Structure formats: structure tokens, C-alpha cells
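Only the coordinates and a few stated rules stand behind these numbers; no lab work does. All of these numbers come straight from a predicted model, not from anything done at the bench. Neighbour counts are summed over all protein chains in view; Cβ atoms, including those assigned to glycine, are modelled from backbone coordinates with ideal geometry.
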Amino acid sequence: MSHVFPRHCHSDLPTAVGGDGCYLIDADGKRYFDGSGGAAVSCLGHSNSRVRDAIKAQVDQLAFAHTGFFTSDPAEKLADLLIANAPSNLDRVYFVSGGSEAVESAIKLARQYFVERGEPQRKHLIARRQSYHGNTIGALSAGGNALRRQQFAPLLLEISHIAPCYEYAERPADETLHDYGQRVANELETEIQRLGPENVMAFIAEPVVGATLGAVPAVPGYFKRVREICDQHGVLLILDEVMCGMGRTGHLFACQADGIAPDILCVAKGLGAGYQPIGAMLASKSVYATIADGTGFFQHGHTYIGHPVAAAAGLAVVSELLERDLIPQVQARGDYLQSALQTCFAQKQYVGDIRGVGLFRGIEFVADRATKHPFDPALGLAGKIKKAAFAEGLICYPMPGTRDGCNGDHVLLAPPFIASEAELDEMVGRLSRAVDTVI
Ligand code: PLP
């Protein structure tokens, strides 16, 4: 009997024993196409020799040195590489072990920034509904996924949630994309006014909403307006690119497509590409300077920040992305994937929307295409699709619709950047066969 405390107590999981490019292999030799990179993690696939060699070399040289005493070469080099390729206001990288830690760090940095500026009344964080920022208490409080929050509600921080930018479901037919984007962005202005601008600390959002909505980018102009509003009120903009960052959208950082720069940027998943647990919070020059010129100490920290082996893996991953020109390839393969999905799914009565950017795509299933009405959540479609796809040898990331009926079941696809067109076709074929057995 297993002594592992699994995600689902009554699951009977196969044992993964190997990885080969876009495939995972179980103990019976069955090969699974990793169509979602787990959860948008495995951007380089599963057997990248450069990353494996970098990890081995770093372990042989130095496995761990606590950052209270030392810095390390891989952490310094990875920070330099990230900053050299990030929006120009970002200047410092705070390494952590994953996405929730990155978001948690960002929330605390925003708070300390205002305390050090002599504005301790600034404590309100504004986030969006139907978002996900992680599972630790601060990050879960920021997230707007009703199901994930439900039973922990009494423990959560008080955070305002405004509308997401979710054009498919929420834009009336007679409103232009531009007007819709400005209108929902202006909800931020309204909420800041309600709370009193002098009390608001930060706004946090995913540039492309991942786990909760399934690859939903904002409409053009939305984030520019958000940036303007934040600037006008001295509110920090935190962008959570834990899922959509590190090349997945066809830009190293998703916000680069919107032409805006946040004050704090969170990344994880694709940074370690699954080879090591690593995340990072990038801070602007002025946010960092406020701490450096004030108390000089960020009142935060974890044992494994800046772990040399994780940083060596991250350095090899980002070097691979940049030196092999994988990011422009993500744009091209993403376009290919979108048209393959359209060809296969667009005519199906139960498909409401096929969307996304780069190799970050989502399909939303609806009971009625005209009204966009979701299927009854009691049907448990997402879980059934996940199971059927797994039987077909496909790992994808289906999510149930929200209970409030705001959005339907969807499936998220985030294949490795190395996937060939033929492999993407194979993925779409397996997904189509799986969905056909369920709906
Ligand atoms: N933020 C976003 C946007 C995410 O998608 C996730 C995970 O899916 C997280 C934060 C939390 O990351 P982690 O699971 O590494 O803690």
C-alpha cells in the first residue's frame, strides 16, 4: 500500500518512469503525449540534454549554499539573463521555488514598499474574478477561482475582485473589442476610487488567464489602460506570468505583447521547465531601490531561494529558449495549432470558443453555442475528458466550469515548444477522439 498522500485520495495512478521529448512513459511502457506540459511546465520536453548536463555539473560543483551567506554563479547569471531580456524597468530577480511563492513574495514586497515609503495605510490588493494565483493563503486570497477558494474562505485575506477581461463570454455583440477592454479596465479605476486611492497597494492579474479560464488573453488596449490607471494612483502593477510567461505566448514575457511593463512580475513553471522547482519575482528598479535605500532588508525569505542547482537548470532552460530561437517558433507553431484545432473542433456543436496565444490554447465547451450557456457542472465533463484523453495517451489540462455558470468546462493545451507540426496534429487527433467519447 502506498504511503504517498496523493492529490486525489482514490486515484490509481500509473508510475511515470521516463520522459522522451514530448512524451512521458509509464512503467508498462505506454507513451503519453504531454499536451499540457503537466500544467504548462515542460516547455522543453522531457529529455533535454543541455538542462540535464547543467544540473549534473552544478550538483558536482556545489549543491547548496544558503543565500543568507552566499550568492552563487548560476543565480547571478540567470538573473542577468532574465533582466537583459525583460521589460527595461525590471532590474532585480528574487528567486523562489515555484509560482505560489513568487506571488506570495510579490504581495509582501508591495506591502513593504509602501511601508518603507511612509504610506502604511496602503494595504488593499485588487485582483480579478476567475483568476488563479496559487494555493498558499496570500496567493489563494488573490485568486478569484470560486471553487478553489470556497472551503478556505474564512482564512483568506480581504481582497477586491473585479471583472476579468473575458471577451468571448462577456462582451455584448454591439460593443467593440476596444470599448469592451476599456470598460472592464475602468472597473479598476472604480474600485480604486471606492477604496480610496491612498489605501490601495497593488493590482494583480494574469496577462493570459490560464488555469481558471483556459488561455484567455486580454483584448488589445486593456493592459495599457490598466497601466495608466495604476500610474495615475501610484498603485503597483503585479503581473502573474507563472503560467503564461517564459516564452509560452511567443514572447519571453507575455506582457511584452501588450507593450507594458509591470512593477513586479512573477514567473515559475517554464523557468525550470520541470527539471527543477524554481520560480522568480522580478522587481522594478524603483521598487527595489525603495527597499535598498530604506531598511535594506526585504522581510521575507525561504530556505531554498536562489538554490544553485535550480538556478543552473533555469539558466540552461532560458539559454535553450533564446539560443535555439524557440520563442519565434512558438508563434509559428501556435498559429499552426490554432488552425488544426479550428479544423477539428470548430464545427462541433459543443465547442463555444477556441482561443489563446502561442502554444497556450484553450477550448471552451458549451451546451448551447448561441447562448454560450455552459454544460451542467454536475455532468463533470472536464474530469471525463481528462480520463478519456489519458486513455488515448494524451495529457491535457481540463478544468470544470465555475459553479456560478460564468464559464463552461474547458481544456487547456500547452505542449512543449519542441513539438513538430506532426506531433501537434497527433495531439489534436487524440484530443478529438477523447472528447468524442465523452460528449
Ligand atoms: N499563478 C498562476 C497564474 C498559476 O497558473 C499557478 C499554477 O498553476 C500559480 C500561480 C501557482 O504556481 P505553483 O503551483 O507553482 O505554486
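Number of Lys pairs in the chain with C-alpha atoms less than 25 angstrom apart, excluding same-chain neighbours closer than eight positions?
24
At a temperature of 4 °C and a viscosity of 1.567 mPa s, determine how fast the stretch 302-439 diffuses translationally according to Stokes-Einstein, using the Kirkwood radius over alpha-carbon pairs as Rh; express D in µm²/s, rounded to the nearest whole number.
79
Given H placed 1.01 Å from N in the peptide plane, which residues other than close sequence neighbours of Ser160 have an amide H under 5 Å from its amide H?
So Ser160 has HN proximity to Leu125, Ala127.
Mind checking the dipole of the stretch 87-141: about its Cα centre, +1 per Lys or Arg Cβ, -1 per Asp or Glu Cβ, Debye to the nearest 20? Can you show the working numbers first?
Working: 8 positive and 5 negative charges, 49 e Å.
Around 240 debye, computed over the stretch 87-141.
Positive end of the dipole of the stretch 31-112, charges at C-beta (+1 Lys, Arg; -1 Asp, Glu), about the Cα centre: which of Ser88, Leu62, Gly45 has its Cα farthest in that direction?
Result: Gly45, furthest along the dipole toward the positive end.
Can you pull a Stokes-Einstein diffusion coefficient for the stretch 232-370 at 20 °C (1.002 mPa s), Rh from Kirkwood over Cα pairs, as a whole number of µm²/s?
Translational D for this selection: 122 µm²/s.
For the pair Ala63 and Ala173, what calculated FRET efficiency results from E = 1/(1 + (r/R0)^6), where r is the Cβ-Cβ distance and R0 = 45 Å, to the nearest 0.05?
0.15
Report the Rg/Rh value for the chain, based on alpha-carbon coordinates and the Kirkwood definition of Rh.
On the way: Rg = 21.2 Å, Rh = 22.2 Å.
My calculation puts Rg/Rh at 0.95.
With the dipole of the stretch 52-323 worked out from charges on the C-beta (+1 for Lys and Arg, -1 for Asp and Glu) around the Cα centre, which of Leu157, Val184, Leu282 lies farthest toward the positive end?
Of the options given, the answer is Leu157.
Need one number: nm distance between label points at Thr371 and Gln299, each 7 Å from Cα along Cα→Cβ, rounded to one decimal.
5.3
Which ³J(HN,Hα) values in Hz, rounded to whole numbers, follow from the phi angles of the stretch 225-241 under the Karplus curve 6.51 cos²θ - 1.76 cosθ + 1.60, where θ = phi - 60° and Gly and Pro get x?
Each residue of the stretch 225-241 in turn: 5, 4, 4, 4, 5, 4, 4, 4, 10, x, 8, 6, 9, 9, 9, 9, 10 Hz.
Can you give me the Cα centroid spacing of the stretch 134-193 and the stretch 2-35 in angstrom?
Each part's Cα centre sits 34 Å from the other's.
Between the alpha-carbon centers of the stretch 323-373 and the stretch 242-318, tell me the distance in whole angstrom.
Spelled out, the Cα-based centre of one part sits 28 Å from the other.
Taking neighbour counts of Cβ atoms within 10 Å as a proxy for exposure, in what order, fewest first, do Phe417, Phe64 appear?
Ranked by crowding around the Cβ, least crowded first: Phe64, Phe417.
Where the only charges are on Cβ atoms (+1 Lys, Arg; -1 Asp, Glu), what is the dipole of the chain about its Cα centre, to the nearest 20 debye?
It works out to roughly 600 debye.
Scaled to the compact-protein estimate 2.2 N^0.38 Å, what is the alpha-carbon radius of gyration of the stretch 222-284, rounded to two decimal places?
Normalised Cα radius of gyration, the stretch 222-284: 1.17.
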